[in-house]
Each structure stands twice: as structure tokens, then as C-alpha cells.
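Participant: Okay, handing you the structure first.
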Amino acid sequence: RHGCAQSPFGTVFVACTPRGICRLTFLDPPDHDLAQALGDLQQDWPLARFAADAKVAAPIAATLAGAIPQKPLSLHVAGTNFQIAVWRALLRIPAGTALSYADVATAAGKPAAVRAAGSAIGANPVAFLIPCHRVIRQSGAFGGYRWGLVRKQALQAREILRLSHAEPLLP
């Protein structure tokens, strides 16, 4: 099932299998539009049956807006053993903090594989939920982000602001 919804960070495309969320991407035409997102999904899941379901994206967009999910989110991602190790390392980065690519490579058990860690981070199929926006260059510079540097900065800023306020902020 797949669908789109508006979030404070732009339109999101979300796809789910019975086991969990398998895709979350931001749609920014013309580079990342719905047709491209569906094509990428079909390429990654060639044996799957696809059904549009607008309801699938709304709870994820609400999570991006700061809502606490009513139940824990499940992910259903596929990757190499190293990609999975990198994505697990990303999940351990606390909100409002950032690690370097080298730190992530080390956390994934391959300290010399910094470039490979960067490639695995870039291949993350579920933006925000596996927080690749929390990775910066060794120099402290933001570096790149598959869905745009401004969005990466906004996601990081929102996390820092939320942590510094006792009351929830407006989205």
C-alpha cells in the first residue's frame, strides 16, 4: 500500500508492506515526483502487488509534524548486511545530535569503510524514520542530503528545538 500526504517538510510518499514501512521519501518535482517514487518502489520490490491507499501516509506525516505515534512504527527495509548495520547505527543516534560518517562507519563495525557508510546512508529507503539527517561531515559541515540540504537543516533544527522546550512546539 502506498500514498502521499503533506508534512511540515514537504509532501511525503509512504509505502508499507504487511510487515512495516518500506519507503518514506520526500517528493520534490521534477527530480522526485510520484511517478519516480512509484518506479523506484516497483524496482526495489518487483514481486509486490501495489495498491494506492491515501490513509497509509497520514500517520507518518503526523509523526513528521511532531505527533507521537499511537503505536510503535515497524520498518520493513531490505539491504546488504553492511547497509543494515549502518541503518541500525543511525537509529542509535539520539535526537538533536549528529555523528560524522566516520563515527557511523565505526558504529557499524567497519571503521575504515567511511565511503561505504556514506553510500549506505544515501541508500536509506525511509527518510527521517532512519535518521540519516543526523550525519554530518568530520569537519562539522552539514554535507549532502538526498532530500536537500535545507530540509536536513530544518529536520535537525526541529529536533534541537523540541529538546530545548518542555512544551511541544507547533509544527
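Participant: How much of the accessible area of the stretch 64-171, probe 1.4 Å, is carbon plus sulfur, in whole percent?
Facilitator: Answer for the stretch 64-171 is 60 percent, counting heavy atoms of protein chains only.
Participant: Then there's this: Could you tell me which of rounded, prolate or oblate describes the stretch 76-141, using a ≥ b ≥ c as the square roots of the eigenvalues of the alpha-carbon gyration tensor, with rounded for a/c under 1.5 and, failing that, prolate when a/b is larger than b/c and oblate otherwise?
Facilitator: It comes out oblate by the Cα gyration axes.
Participant: Follow-up. Could you give each residue of the stretch 68-83 its phi-based ³J(HN,Hα) in whole Hz, using Karplus coefficients 6.51, -1.76, 1.60 with θ = phi - 60°, and x for Gly or Pro?
Facilitator: Each residue's phi maps through the Karplus curve to give 7, x, 5, 9, x, 7, 9, 10, 10, 10, 10, x, 5, 4, 5, 4 Hz.
Participant: What residues have an amide H closer than 5 Å to that of residue 95, excluding those fewer than 5 places away on the same chain, when H is modeled at 1.01 Å from N in the peptide plane?
Facilitator: Excluding prolines and chain starts, which carry no amide H, there are no hits.
Participant: Follow-up question, since we're still on this one. At 222 nm, what value in deg cm²/dmol follows for the chain if DSSP H runs of at least 4 each add -39500 (n - 2.57) and the sum is divided by all its residues, to the nearest 500?
Facilitator: Helix contribution divided over all residues of the chain: -10500 deg cm²/dmol.
Participant: Given the Cα-Cα distance of residue 139 and residue 35 and 0.36 nm per residue of separation, how much length would full extension add, in nm?
Facilitator: 33.8 nm
Participant: Identify the trypsin sites (Lys or Arg not before Pro) of the stretch 73-125 meeting these criteria: DSSP loop state and at most 11 other C-beta atoms within 10 Å of the C-beta.
Facilitator: When the trypsin sites (Lys or Arg not before Pro) of the stretch 73-125 are filtered for loop state and at most 11 Cβ neighbours within 10 Å, 92 remain.
Participant: Each residue of the stretch 21-32 in order: what ³J(HN,Hα) in whole Hz does its phi give by Karplus 6.51 cos²θ - 1.76 cosθ + 1.60, θ = phi - 60°, with x for Gly and Pro?
Facilitator: My calculation for the stretch 21-32 gives 6, 10, 8, 9, 9, 8, 9, 10, x, x, 6, 10 Hz in order.
Participant: Can you list the lysines whose alpha carbon sits under 22 Å from that of residue 71, skipping same-chain ones fewer than 8 residues off?
Facilitator: In chain and number order, the partners are 55.
Participant: At 0.36 nm per residue, and after removing the present C-alpha to C-alpha distance, how many nm does the segment from residue 80 to residue 65 gain when stretched out fully?
Facilitator: That pair, residue 80 and residue 65, stretches by 2.3 nm at full extension.
Participant: Further, regarding this structure: Can you give the local net charge around residue 107? Use residues other than it whose beta-carbon is closer than 13 angstrom to its beta-carbon, Lys and Arg +1, Asp and Glu -1.
Facilitator: The answer is +3.
Participant: Here's another thing I want to ask about it. How many Å² of accessible area per residue for the chain, probe 1.4 Å?
Facilitator: With all protein chains present, the chain gives 55 Å² per residue.
Participant: Within the chain, what percent of beta bridges assigned by DSSP are antiparallel, to the nearest 5?
Facilitator: Approximately 75 percent, going by the DSSP bridge assignments.
Participant: Would you mind calculating the gained length between residue 44 and residue 146 on full extension (0.36 nm times residue separation, minus the Cα-Cα distance), in nm to one decimal?
Facilitator: Answer, rounded to one decimal: 35.0 nm.
The values are calculated or read from the model by the stated rules, or taken from the named source; none is laboratory data. These figures come from a predicted structure and were not determined experimentally. No Cβ is skipped: glycine too gets one built from the backbone with ideal geometry, and neighbour counts run over all protein chains shown. The area values use the complete protein model at the heavy-atom level, side chains included, leaving out ligands, DNA and RNA. Shrake-Rupley method; radii C 1.70, N 1.55, O 1.52, S 1.80 Å.
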